[in-house]
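The values are calculated or read from the model by the stated rules, or taken from the named source; none is laboratory data. Note that the coordinates shown come from a computational prediction; the quantities given were computed from them, not determined experimentally. When we count neighbours, we look across all protein chains shown, and the Cβ atoms used for this are built from the backbone with ideal geometry, even at glycine.
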Amino acid sequence: MKILSMTCFLLFVCLTAITDARISSSTKQLDRHITAKIKEAKIQPSGKSNDTEFLRRIHLDLTGKIPTLEEIEAFEKAGRGKRQKKINQLLNSDLYYDHWGRIWVKWLINRNGGNQQVRTGLEKWVRDSLRVNKPYNQFVTELLTATGDTRDNPAGNYIQRYNLSPTNLTSHSSRLFLGLPMQCAECHDHKTEPWYQEDYYSMASFFTNVRSKAVYEKNDRGQDQLVSWVLRDENKGSIRMPDSNQEIFPRFLDGNIYRGVAQKKREALSKWVTDRKNPYFSPAIVNRIWSQFMGRGFVEPLDAFGEEHPSTHPELLDWLAEDFARYGYNLQHLMKTILNSDAYQRTSAKNSKNEDDKYYYSHAYIKPLSAEQFFYSMLEATGFERLQKRRDKNQLESMKRNYLRRFIYLLDNGEMEEIEAFNGTVPQALMMINGPLVNDSGDHRQRGSLINYILKNYRTTKDRMKRIYLTVLSRKPTSKEMTHFERYMKRSLYNDKKLAYEDLYWVLLNSAEFALNH
């Protein structure tokens, strides 16, 4: 038994070493492309980010929130190779599955799309897919071809979210999975790209045979309650172009006509979409993941591949797409390739030679926190979970989800626009989330509050400031900031000097440094 265990351990070590070597090779190739472009533009790149800058950035990008004090302290003490180890650790954490599950569900059905059954089912399916690092081509295939009861096959919630509408599914699937703005061709030929109205409806024809049946069950009050849908493909269903009686038959965007049976149309479409020879499939997701980490895509807007919006780095985009496919459409391989690169790990501080750079990645581009990143980072910085320590984990998670929904709802501008970044102020945000519960964290007289805890457990101004800075900004204060605050304390008119720490805490929470991913 011991021999078997040792064999398994050695096999794991060898596989990890092989994987890390592949990542290193891909990352070096990525950096060679970026370096060549920077030299060509005669730009001086910024240096490497320091550990605290990197740690905050990687936590926000992979887990959707700032690191805890314990994580900051552990990373500070970690030895050689700690950045790569941290990336690997976070990519196998529940926080990553949750955060990127939310990102994917937003991409798939929009933040407020679908009813509760659709969202819950799809969120679980996405998290489970991320947990096993499901190959991306399989991930997309399961979404496009899902049949059966959505309780057994939650991927069907993607099709159901768009009410089985062939046009809605064509518009969304072409944008997300291929990076193509096909929705423009629903009403007329595309004005700037070679996509015609007939192309659009030929693709929509692949979705005309899917049907669903609602499933109801009695609830505790004896009322019928919708619990799922059953999806199936029938041998009938057609589509016509507007103002035309001509039936449009399924044809792929490469011009090939589908001649198979009706019930297999979605399966055929998914094979074409995910085919390695498809020039859009891999580049579209590489561009989207790159934009998520780097602040802008090679192609902008993300769903505008074509002649009007050429790639800023066409050779690198093509190479990353090929590398992604070569390693089995492995999303974690793609992410690790980017996250371990010099390009990703540069500081956001500019120099005189690259201050105007918007395209070459000579420094880290500063990004506003998404609404979700801001929300969860604020809960971390205010010690929300510590204030709610009497609640069990399930109750606490339910509270956070309810507060997040309320937060997003109150941010909604009423113009049907997708809320991406939080642009308000911290007091506004706190008021949105059951104000007193979180506001109490800054009251030094409130037992259990963050400031109360810090003042009680740390005696010197230096140690107290250090703790507040690490909690809110994930870094220690500079000597200049220390001097400024000590001067502020001496000159303040407060009889109770502890109030100055409350001021410091709220100033940091309200700072641009807290609200940005840099």
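Summary table below
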{"item": "Residue in segment 96-104 that is more than 17 Å from the chain's Cα centre (by Cα) and hydroxyl-bearing (S, T, Y) present", "result": "no"}
{"item": "Segment 393-407 residues that are of a type in the set (S, T, N, Q), paired with ones that are outside any helix (DSSP H, G or I) and surrounded by fewer than 11 Cβ atoms within 10 Å (Cβ to Cβ) (beta carbon under 6 Å, 6 or more apart)", "result": "none"}
{"item": "All positions within segment 263-282 that are over 13 Å from F252 (Cα atoms), at pLDDT 95 or above and of a type in the set (S, T, N, Q)", "result": "S282"}
{"item": "In segment 174-192, residue farthest from I109 (Cα to Cα) [restricted to those that are more than 29 Å from the chain's Cα centre (by Cα) and touching a residue at least 24 places away in the same chain (Cβ under 8 Å)]", "result": "T192"}
{"item": "Qualifying positions in segment 222-242 - in a loop (DSSP other than H, G, I, E, B) and under 28 Å from G306 (Cα atoms)", "result": "M241, P242"}
{"item": "K265 being surrounded by 14 or more Cβ atoms within 10 Å (Cβ to Cβ) and either among the polar types (S, T, N, Q) or more than 30 Å from the chain's Cα centre (by Cα) (or both)", "result": "yes"}
{"item": "Pairs, first over 18 Å from A146 (Cβ atoms) in segment 94-123, second surrounded by 18 or more Cβ atoms within 10 Å (Cβ to Cβ) and of a type in the set (S, T, N, Q), C-beta under 6 Å, six or more apart", "result": "L95/T63; Y96/T63; H99/T63"}
{"item": "Qualifying positions in segment 484-518 - under 23 Å from A349 (Cα atoms) and either out of contact with any Asp or Glu (no Cβ under 8 Å at 6 or more places or on another chain) or of a type in the set (V, I, T) (or both)", "result": "H484, V507, L508, L509, N510, S511, A512, E513, F514, A515, L516"}
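Yes/no per residue for (1) touching a Cys at 6+ places or on another chain (Cβ under 6 Å); (2) more than 20 Å from D61 (Cα to Cα); (3) free of Cβ contacts under 8 Å to residues at least 40 places away in the same chain; (4) not in a helix (DSSP H, G or I):
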{"site": "L317", "(1), (2), (3), (4)": "no, yes, yes, no"}
{"site": "A321", "(1), (2), (3), (4)": "no, yes, yes, no"}
{"site": "A343", "(1), (2), (3), (4)": "no, no, no, no"}
{"site": "N351", "(1), (2), (3), (4)": "no, yes, no, yes"}
{"site": "N354", "(1), (2), (3), (4)": "no, yes, no, yes"}
{"site": "D357", "(1), (2), (3), (4)": "no, yes, no, yes"}
{"site": "A364", "(1), (2), (3), (4)": "no, no, no, yes"}
{"site": "L379", "(1), (2), (3), (4)": "no, no, no, no"}
